[in-house]
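Worksheet: one structure, shown below.
The values are calculated or read from the model by the stated rules, or taken from the named source; none is laboratory data. Please read all numbers here as calculations on a predicted model, not as lab measurements. Here the Cβ is made from the backbone with ideal geometry for all residues, glycine too, and neighbour counts use every protein chain on show. Each accessible area value is taken on the protein alone, full model and side chains, heavy atoms only, with ligands, DNA and RNA left out. Shrake-Rupley method; radii C 1.70, N 1.55, O 1.52, S 1.80 Å.
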Amino acid sequence: MSAEIKVNAHAFMSFLRHCQDEGSSEIYQREIQIRVVHGLNIPLQNIRMPVFVCEKVAFPCQTDDTTEVSESEEQTEPLEELCTRGLTIMKARQLLSLFVISQNPAISQGVKPVLHPLWVRCDMLDSEVTIWLGAEAIHNGSKVTAVKLHSITCKGPSTAKCPFVRLDELKQLHSERHHSCMMVTRGFAKYNLFGSTVVENTVIESQSSVTVDFRWNNVKSILQTPPLSSTATLNIKVASGDIRSPLYQFYKELEFVQILADGLRTGVTEWVEPLEATSAVELTRALIEDLQDKAKTMENKAINASEMQKSRNEQSVENTMFNTLLTQRGDLDFVEQLWVKMRRSVTSYQDIVDCLQLVIKALKYGDIKPWIHRDSSSSLSKLVLQSYSAQLEPVSLTGLVPVHMLLEMGLDKMRKDYINYLISQELATLKGLSYYINTEVDLQEQVVRVRKLHHLLEMVVTCSTFLGLTYEHLFVLTQSCLQYYEVNPYNEDHNFQLQIRPAVISSLCQRENLLTWGVEVSSGQGSREVKTSLQLTDRSPVEHLPSDITEFPFETTVNGECEEQAYFVTTASCSLLSFV
């Protein structure tokens, strides 16, 4: 080996060590950028550790020069979006060679620094369409004993009519490369159970998704259906506000609660269009008059338990969602009924003041004696209790007090809605919900906790309604969500996982819902394990695809009708270069 190569390898190792120590991005040989990242999304690789990523220096993405720009826009300097580019296959191999040589204990003596694995992004212009090349050193203590080289390629999309490699061919390829007769095959597949939908050839995007991951041993063939002996894991990510959700109307109610909370915090309230044509004041007056009429009708009349229950059922205003889907809650008290009417009709701060003045006046003069829940905690509920003994405390409806009172009413009602469902379905207990029903914290924090309850219910109802999961699975999911949200902030992007028996969802896993299918052939053990993998995906597994590939349709069609699913075919192989 020439002295020049050794010098270049040593210089490259020193450069990487500097990047690693500084944790920074550095330019190597003018056009190559090497940066340290903590975890990397590479197909067929589960990379969680810090690695070096090597690619061409990022450059601003090109924009359409013909786009007209107004004078005001010309004065503002736009933020440039940076695009990444891959290196040629020859340059990538050259860099990996320098890495391997630098790690060879026979080349240079002394203790070598433990370097992160090196991954090089490729331009995909070679015949194999290589997307990544990688190298990682294998250590025995402080001594480097081998280097594992990785190659990731991607072709497609193509259909089964352009046949993929057969499983026996993949095994043979692995056997020839590693001279191994003891091989293990593992399969994995991902199905989409809930997410974006297609209506009249139009994709309705959704931020919600429920997928299931299958894993099994002893793969029989390419695109094998996961056997019932597989392990299955649901990945649940639900965004509140999906119009398909049975809880959509409750989401709109929660939106109004958030508007009031934001108004208290900022001093500015963004009122929404009312859902009722009748004004808030007229609706409130009608509610008071209705209670007065009922009081006169019921005077001197004994009401048995069944009549009282019927009366309370009639008071359940706009509760059709729980009545028809979740569980019956026919006991909305006076304050909850008032909230329902006001949240659909108030359009200003003055509306809130006028409505509350009407109610407080009726309570003060004994015109109404409404019933409320014993555990109601809102300020208005406390005034109702005081009215029973004609000892109302004076209330000054000025400043933020009216908005504060209305927000309390909404939080009280929505907490009861959610808790009623969870307890009636035996998914939780009052003790288990203590964090969420705590009214000792400030109102802003109470809003956050109600939002958490709503998000939890969105996940439970989605899995119950669209997936038909049984009680045992819903209970485990509920407990997992409750525990997560007690110690974590509100996060709709969090991926909740649930182990499930494959037989429970096998009927949902139709062929057209397949997102990913893969097989892994492996031999060896521990750090010296080597793998040859194949993965089929309905979408490109990489970001830096040439334009001629990204424009290729995912499905082939005949006369406008889908003929067969098309897949991107990604393969990963590795080799082990031993030094001892």
Treating the beta-carbon of each Lys and Arg as +1 and of each Asp and Glu as -1, no other charges, what is the dipole magnitude of the stretch 199-272 about its Cα centre, to the nearest 20 debye?
440 debye
Would you mind calculating the gained length between residue 28 and residue 484 on full extension (0.36 nm times residue separation, minus the Cα-Cα distance), in nm to one decimal?
159.8 nm
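Please find the FRET efficiency linking residue 262 to residue 434, where r is the Cβ-Cβ separation and R0 is fixed at 30 Å, and quote it to the nearest 0.05. Could you put the intermediate results ahead of the total?
Numbers: r = 27 Å, r/R0 = 0.89.
Efficiency, from the Cβ-Cβ distance: 0.65.
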Estimated FRET transfer efficiency (residue 348, residue 475; beta-carbon r; R0 41 Å; 0.05):
0.40
Please go through the stretch 484-527 and write out the GluC sites (Glu not before Pro) that DSSP classes as loop and that have at most 13 other C-beta atoms within 10 Å.
none
Need the list of lysines near residue 361 for cross-linking: C-alpha distance under 23 angstrom, and skip anything on the same chain fewer than eight residues off.
294, 296, 341, 369, 382, 413
Gyration tensor over alpha-carbon atoms, the stretch 456-500, equivalent ellipsoid semi-axes in Å
18, 11, 9
Sorted by chain and number, the residues with a modelled amide H under 5 Å from that of residue 124, at a separation of 5 or more or across chains, are 130
Take the alpha carbon atoms of the stretch 91-161, find their center, do the same for the stretch 458-518, and report the distance between the two centers in whole angstrom.
38 Å
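Going from most exposed to least, what order do 293, 375, 213, 412 have by accessible area with a 1.4 Å probe? Spell out each step's value before the answer.
Values: 293 90, 375 110, 213 45, 412 15 Å².
Solvent-accessible surface, decreasing: 375, 293, 213, 412.
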Tell me, what ³J(HN,Hα) does each residue in the stretch 255-263 have, in order and in whole Hz, if you take phi through Karplus 6.51 cos²θ - 1.76 cosθ + 1.60 with θ = phi - 60° and put x for Gly and Pro?
4, 5, 4, 5, 4, 5, 4, 5, x
From phi via Karplus (6.51, -1.76, 1.60), per-residue ³J(HN,Hα) for the stretch 148-157 in Hz, x at Gly/Pro:
9, 9, 10, 9, 10, 10, 8, 10, x, x
Between residue 388 and residue 578, take the C-beta separation as r, use R0 = 56 Å, and let me know the FRET efficiency to the nearest 0.05.
0.05
Selection of trypsin sites (Lys or Arg not before Pro), the stretch 342-405, meeting DSSP coil and at most 15 other Cβ within 10 Å
374
Out of residues 5 or more away from residue 515 or on other chains, whose amide H comes under 5 Å of its own, with H placed 1.01 Å from N in the peptide plane?
190, 191, 192
Members of 364/431; 6/148; 56/531; 91/112 lying beyond 31 Å, as alpha-carbon distances in this model show:
364/431
Quick one: Debye curve from the C-alpha atoms of the stretch 212-301, no solvent, what's log10 I(q)/I(0) at q = 0.13, 0.24 Å⁻¹?
-0.77, -1.16
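Extension gain residue 221-residue 528, at 0.36 nm per residue separation less the Cα-Cα distance, in nm?
Values: separation 307, 0.36 × 307 = 110.52 nm, distance 2.63 nm.
So the chain would gain 107.9 nm between residue 221 and residue 528.
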Using only protein heavy atoms and a 1.4 Å probe, report how much of residue 354 is accessible, in Å² to the nearest 10.
50 Å²
Overall form of the stretch 426-550 per C-alpha gyration tensor (a/c, 1.5; a/b vs b/c)
prolate
Candidate residues 100, 268: accessible-area rank, largest first, probe 1.4 Å:
268, 100
Placing each pseudo-label 7 Å from Cα in the direction of the beta carbon, residue 35 and residue 466 end up separated by a distance in nanometres of 3.4 nm
Length gain on complete extension for the stretch residue 4 to residue 271, per 0.36 nm per residue less the alpha carbon to alpha carbon distance?
88.8 nm
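Taking the Cβ of residue 101 as the center, what net charge do the other residues with Cβ under 14 Å away carry, scoring Lys and Arg +1 and Asp and Glu -1? Write down the numbers at each step before the final one.
Numbers: positive: 6, 93, 112; negative: 4.
Charge balance near residue 101 sits at +2.
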